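Let me begin by presenting the structure, written as structure tokens, before commenting on it.
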């Protein structure tokens, strides 16, 4: 699957029945799949469509399968790659064949994809656009401060005027995006309630709460905190082999770095910048015991994830003195 085209491989009874290429549009995908079903005398329920998840390029295929009622399985490309053995050479046609073979072998483990609700999709797009503008704004602001000493005053003045116009435009766009995000949340009861519950936790702010809602599809795609910790790259794993490799437990580099960054910022706030709180006490106690600071911060990230899943599951705000409330209730 690429930006402009799709390569299909139809596998039936462990044999390649048909291979073809078509433009990556909803109309052409629907038409092609309908023709295939008619040609092979198959029903919609007889077909499992499997594809590598390639971000926004999968959108036309998702829409086509949803409109036709076909089961769609979007798999991690790394999962397909590591299960295919040693392969020499690469092209789109071979990749399509490899995906078809993978789907046939592991169809009992298929995790079907369902389109998220419209508000979640809109939030995801707005967050992506906001992050892009924030990066651009920081880049332009850096030019304003870094170049002042190393340019002629006349040249710098002209450059700074142009940069200030760009920064002002970005700030206006960011304000509009923030307003749209807030309207989406306020107009959806589920999103509003989840956002309110998440923000009740120390260290979890507006950006982290919204990102968590989007990444979990309103807490539908992950049913426990441990699985999401793996996704976010904060769950430690053992690395040992025989008697020679005895590495300490560490997190995997295969993670969603965007949510991991927000969780790290939240852990730093509650551990080092707040004057009190149980997580700050936990941080100071573990550091005093000789624990590595980053190791302790990672444990706090995992605790924050656990708390977020707990408040959503229990549908009640976070309570610092939970044991006290439990005793008097």
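The values are calculated or read from the model by the stated rules, or taken from the named source; none is laboratory data. As the structure is a prediction and not an experimental result, all values here were calculated from the model. Here Cβ is always computed from backbone atoms with ideal geometry, including for glycine, and neighbour counts include all displayed protein chains.
If you go through region 232-253 and pick out every residue that is farther than 14 Å from residue 304 by Cβ and modelled with pLDDT of 80 or more, you end up with 1.
Scanning region 66-78 for residues being in contact with a helix residue (DSSP H, G or I) (Cβ under 8 Å, 6 or more places away or on another chain) and either closer than 18 Å to residue 96 by Cβ or surrounded by 14 or more Cβ atoms within 10 Å (Cβ to Cβ) (or both) gives a total of 7.
Does residue 202 satisfy the condition of being under 23 Å from residue 74 (Cβ atoms) and surrounded by 14 or more Cβ atoms within 10 Å (Cβ to Cβ)?
No, not satisfied.
For region 1-32, the candidate set comprises residues that are within 18 Å of residue 71 (Cβ to Cβ), free of Cβ contacts under 8 Å to residues at least 60 places away in the same chain and touching a helix residue (DSSP H, G or I) at 6+ places or on another chain (Cβ under 6 Å); within that set, the residue that is surrounded by the most Cβ atoms within 10 Å (Cβ to Cβ) is 29. Counting only helices (runs of 4 or more DSSP H) that sit wholly inside region 213-298, not one has at least 2 residues that are touching a strand residue (DSSP E or B) at 6+ places or on another chain (Cβ under 8 Å).
Can residue 204 be described as assigned to a loop (DSSP other than H, G, I, E, B), closer than 24 Å to residue 311 by Cβ and within 33 Å of the chain's Cα centre (by Cα)? Considered against the rule, which asks whether it is assigned to a loop (DSSP other than H, G, I, E, B), closer than 24 Å to residue 311 by Cβ and within 33 Å of the chain's Cα centre (by Cα), residue 204 comes out as yes. Scanning region 272-299 for residues that are under 19 Å from residue 233 (Cα atoms) and free of Cβ contacts under 8 Å to residues at least 60 places away in the same chain yields 292, 293, 294, 295, 296, 297, 299.
Matching residues to (1) out of contact with any helix residue (DSSP H, G or I) (no Cβ under 9 Å at 6 or more places or on another chain); (2) in the same structural domain as residue 274 (by TED's automatic domain parsing); (3) modelled with pLDDT under 90; (4) surrounded by fewer than 14 Cβ atoms within 10 Å (Cβ to Cβ):
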residue	(1), (2), (3), (4)
156	no, no, yes, no
161	yes, no, no, yes
166	no, no, no, no
194	no, no, no, no
212	no, yes, no, no
219	no, yes, no, no
225	no, yes, no, no
